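The values are calculated or read from the model by the stated rules, or taken from the named source; none is laboratory data. Predicted, not measured: the structure shown is a model, and the values here were computed from it. Ideal geometry is used to build each Cβ from the backbone, glycine not excepted, and the neighbour counts take in all protein chains shown. Surface areas here come from the heavy atoms of the whole protein model, side chains and all, with no ligands, DNA or RNA. Shrake-Rupley method; radii C 1.70, N 1.55, O 1.52, S 1.80 Å.
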Amino acid sequence: MRSVWPPSPGGSGEARPLSDDDLERVYGYPEPLAGPFVQVNFVASADGAAAVDELSAGLSHPADKRVFLLARDLADVVLVGAGTARAEDYRGARSNPERAARRARLGLAPALPIAVVTRSGALDPGSRLFTDTAVPPLVVTTTKADTGALAEAGAGVIAAGEDDVDLPRALAMLAERGLRRVDCEGGPVLFAALAAADRVDQLCLTVSPLLTGGGAGRIAAGPAVSPPRRLDLASILVEDGFTLLRYRRATG
């Protein structure tokens, strides 16, 4: 993987491969953080599809997966919509000695929780999300949701909103737990809701060099953002025709 913009670290302009330390500097969260900072990660085809056969794996590449895992290593919590968690058969975040050492060096907890956003609380307490994890998941839901079985399965319940999940309130409640570095892994409905609530601080978008044609949805599915919000292009990385774009909330 190499940097197209800004130039590769070192100032020589050479297109050398980026090390893990280089990527950590590129994707690191701003410091200090007074409140939640939400990074959203997506992969899309060149013609805008968010999935192949309803899964994102068909669009991915080792470079994309490398950044995906790095994003988890740098975060306090993974945020994901219930539909994506079910479709992708989510389990707890994994680690290895190298990744654990990175988190320790950064002063982060050894393992980070998966926080699932669900208005109804309709999650299976027997799924891998609950049974195959080093830390209990968090269920971000409403006061009306029946979460008794999920709590019995070990989940932490965050009730933010009565009829629908109040995302700004949910993010504030996560921050109260010390979970400010939020790595959102989708899906499209959650992304659209975060964008509509103006709670997207960074978008990491990998563009796959594939044409999929019609059928698949976009990376955002929900209410329009009106007026559209401007983003600043922060970095462009490339590998094997895959383009990894990083956008930040516009400052001007």
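Things worth noting here:
- Among the numbered conditions (1) open to solvent by less than 60 Å² (accessible area, probe 1.4 Å); (2) in contact with a Gly (Cβ under 8 Å, 6 or more places away or on another chain); (3) part of a helix (DSSP H, G or I), the only one that Ala145 does not meet is (3).
- Boolean, Ala71 is closer than 30 Å to Gly213 by Cβ and either open to solvent by 20 Å² or more (accessible area, probe 1.4 Å) or among the charged types (D, E, K, R) (or both): no
- A Cβ distance below 6 Å, combined with a sequence gap of six or more or placement on separate chains, defines the contacts here; from the range 65-84, residues that are under 18 Å from Gly121 (Cβ atoms) and assigned to a helix (DSSP H, G or I) reach residues that are open to solvent by less than 10 Å² (accessible area, probe 1.4 Å) and among the hydrophobic types (A, V, I, L, M, F, W, C) in the pairs Ala82/Val116.
- Output for the range 221-252, where each listed residue is free of Cβ contacts under 8 Å to residues at least 24 places away in the same chain and part of a loop (DSSP other than H, G, I, E, B): Ser226, Pro227, Pro228, Arg230, Ala250, Thr251, Gly252
- Where Ser120 falls short, out of the listed (1) crowded, with 17+ Cβ neighbours inside 10 Å; (2) of a type in the set (Ser, Thr, Tyr); (3) touching a Lys or Arg at 6+ places or on another chain (Cβ under 9 Å): (1)
- Tally of residues being within 15 Å of the chain's Cα centre (by Cα) and among the acidic types (Asp, Glu) across the range 52-93: 4
- Condition check for Ala46: under 23 Å from Thr206 (Cβ atoms), in contact (Cβ under 8 Å) with a residue 40 or more places away in the chain and surrounded by 17 or more Cβ atoms within 10 Å (Cβ to Cβ): no
- Taken together, the residues in the range 86-117 that are closer than 16 Å to Cys184 by Cβ and either touching a helix residue (DSSP H, G or I) at 6+ places or on another chain (Cβ under 6 Å) or open to solvent by 30 Å² or more (accessible area, probe 1.4 Å) (or both) amount to 6.
- Restricting the range 202-215 to residues that are surrounded by fewer than 19 Cβ atoms within 10 Å (Cβ to Cβ) and in contact (Cβ under 8 Å) with a residue 24 or more places away in the chain, the residue that is nearest to Phe37 (Cα to Cα): Leu205
- Scanning the range 166-197 for residues that are closer than 21 Å to Arg218 by Cβ, open to solvent by 10 Å² or more (accessible area, probe 1.4 Å) and touching a Lys or Arg at 6+ places or on another chain (Cβ under 7 Å) returns Leu167, Pro188.
Residue-wise test of (1) of a type in the set (Ser, Thr, Tyr); (2) more than 19 Å from Ala34 (Cβ to Cβ); (3) in contact with a helix residue (DSSP H, G or I) (Cβ under 6 Å, 6 or more places away or on another chain).
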position	(1), (2), (3)
Ala145	no, yes, no
Glu152	no, yes, no
Gly161	no, yes, no
Asp166	no, yes, no
Arg180	no, no, no
Gly186	no, yes, yes
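- Looking only at the range 20-41, and only at residues there that are in a loop (DSSP other than H, G, I, E, B) and among the hydrophobic types (A, V, I, L, M, F, W, C), the one that is most open to solvent (accessible area, probe 1.4 Å): Ala34
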